[in-house]
1. Report, to the nearest whole %, how much of the accessible area of the stretch 210-319 belongs to carbon and sulfur atoms, 1.4 Å probe, protein only.
2. Could I get the Rg over Rh figure for the stretch 109-159? Both from C-alpha atoms, Rh via Kirkwood, rounded to two places.
3. Averaged per residue, what accessible surface does the stretch 45-148 expose to a 1.4 Å probe, in Å²?
4. Regarding the stretch 155-226, what's the average projected area of the Cα-atom convex hull, expressed in nm²?
5. In whole Å, largest first, what are the principal axis extents of the Cα atoms in the stretch 44-134?
6. Could you state the number of Å between the C-alpha centres of the stretch 207-246 and the stretch 94-136?
7. When only the heavy atoms of the protein chains count and the probe is 1.4 Å, how do 41, 94 rank by accessible area, highest first?
8. Can you sort 79, 49, 67 by solvent-accessible area, 1.4 Å probe, largest first?
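The values are calculated or read from the model by the stated rules, or taken from the named source; none is laboratory data. This one's a predicted model, so the numbers in the text were calculated from it and none came from an experiment. Here the Cβ is made from the backbone with ideal geometry for all residues, glycine too, and neighbour counts use every protein chain on show. SASA here: full protein model, heavy atoms, side chains in, ligands and nucleic acids out. Shrake-Rupley method; radii C 1.70, N 1.55, O 1.52, S 1.80 Å.
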Amino acid sequence: MNTITDSLRRQRRPDQRLLAAALRRALQLLFKPMAHPRIGIATQRRWQEALARTNPGARGVPHHNMEAGGVRCRVYQPEGADTTVLYLHGGAYITGSPSTHHGLTSHLARHSQARVVVPDYRLSPEHPCPAAIEDAVAVYQTLLDQGTDTARLALAGDSAGGGLAVATLLALKQARLPLPASLFLISPWVDLTLTRLFDTDRDVMLSQAWLADAARAYGGDHPERPQCSPINGDLAGLPPVLIQAGADEILLNDSHRLARAVRDAGGQIRVQVHPQRWHDFQLHAGLLADADLALRGGAGFLRHHFRQPDHPAAEQTRP
């Protein structure tokens, strides 16, 4: 943690501090008021798509669309990539798409030099839980059917997509499918009951009202189910996990609680909390130095846990 903090301090030049302040203010004015139950979901989705266009994609990372298991996906494929990251986007299960996360996922592909597959999974309230999990598992199964080796495959996601990534792992375990080499989570939302939110008014993106509305849309009358709130599931036997979170976000407790739960289940997990940063600040990769630093760290974690297919440790990912 000290290394991260020291690196951030070195990179926080006056221009970066001004940029961070401008981004924080823009989110307060343009994102948070629109992410609210009083705004129709269709409007929220269009607005977030428009805002996402301000986040630059990574240069030199081509992308294309494909269908996997009946699910549309966007694929970022750097030249020579021989590893794969299945990335599940955030948006509280009611908004978001591969387009809203173009900046983050394209930069993750560049830093990791891995193929990043981003499913356009079904959203609530049209398709409540477990539709998103079913879509994620279908894409994962298709990747396996296409010959992707789990030693060279990772799972990742941010916010609701982080919770979805954990829920997907639980589903893969239940189906006795081989697990990926690692799991990279950004500000994961893993408890839809909202009973232990981090008490901060510094979160410039999320409000309890919006999260509660989204939890009802996705989880219905039983948001505590492990499918909806994977922190309540069986977390034993997971691959190594890295969590990144901002110190100024309302979901910070979810990251710490998930880390404790995984450790209690015998798993290997690290948490990196970035000071003075908001929920999902990695969305601003290509603009904000802290976001680039964080994604480089996440990419390094992924690369470290990718293994050659004939490596003996590859068998450890199989339940």
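1. Taking all protein chains in place, the stretch 210-319 shows 48 percent carbon and sulfur surface.
2. 1.02
3. Dividing the accessible area of the stretch 45-148 by its residue count gives 40 Å².
4. Here the figure is 5.4 nm², rounded to one decimal.
5. For the stretch 44-134, the Cα extents along the three principal axes come out at 39, 30, 17 Å.
6. Distance between centres, Cα-based: 16 Å.
7. 41, 94
8. 79, 67, 49
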